[in-house]
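Working notes, structure below.
Read-outs: derived from the displayed coordinates by stated rules, not from any lab. Keep in mind the model is a prediction, meaning the values are calculated, not measured. Quick reminder, even Gly has a Cβ in these numbers, built from the backbone with ideal geometry, and neighbours come from all protein chains shown.
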Amino acid sequence: MITMATIAYGVGPFITDMNKTHLLHPGWTGHARFHLFWAASSQLAVASVALWLLWGAGGLQQCQLAVYLGLAMNSGFFAALLFKKYYRGALHDPQGIRPILGKIDGNILAVIAIVALLLAGWGCLD
């Protein structure tokens, strides 16, 4: 469970965001693109460390640290969601990926699933 969640938050942004809906979107400024690639690369780097902790380093404390790293990485999503009105943010662009069934944002579903997998995996560590 922890491995699946870690791969999802590490690789997911490269699958969903490195295209014309985000990184290559013609309406995005170069600086916004820079920050997206920086954030996605950072997530991939942290996920790589977490996977090493899970599979290379071994041990209960290392596995717990991998969960903490995943929770920390995904907490940023909830901060962005909480404060989006202050920086005029949005969960999706009109030309981007539309909400599922017109109502449910895929980002929210993905992050909730990742956090749930991390917490469920953490519960199985003992």
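For region 73-84, 3J(HN,Hα) computed residue by residue from phi via the Karplus equation (6.51, -1.76, 1.60; θ = phi - 60°) reads 4, 7, 5, x, 4, 5, 5, 4, 5, 5, 9, 4 Hz, glycine and proline entered as x. The alpha-carbon of LYS103 sits under 19 angstrom from the alpha-carbons of these aspartates and glutamates, leaving out residues fewer than 8 places away in its chain: ASP93. Applying 0.36 nm per residue to the separation of LEU71 and ASP126 and subtracting their alpha-carbon distance, the gain on full extension is 18.0 nm. Think of the chain as having a plus end and a minus end, set by charges on the Cβ of Lys, Arg, Asp and Glu; of VAL11, TRP38, ALA113, TRP38 sits farthest toward the positive end of this dipole. What the Cβ-Cβ distance of LEU60 and LEU109 gives, at R0 = 30 Å and to the nearest 0.05, is a FRET efficiency of 0.50.
Relative to the longest principal axis of the Cα atoms of the chain, the long axis of helix 2-16 makes an angle of roughly 20 degrees. Summarising the label geometry, the points placed 7 Å from Cα in the beta-carbon direction at VAL11 and SER42 lie 2.3 nm from one another. Helix 30-52 and the longest principal axis of the Cα set of the chain meet at an angle near 10°.
Net charge dipole, the chain: roughly 460 debye, given to the nearest 20, about the Cα centre with Cβ charges of +1 for Lys and Arg and -1 for Asp and Glu.
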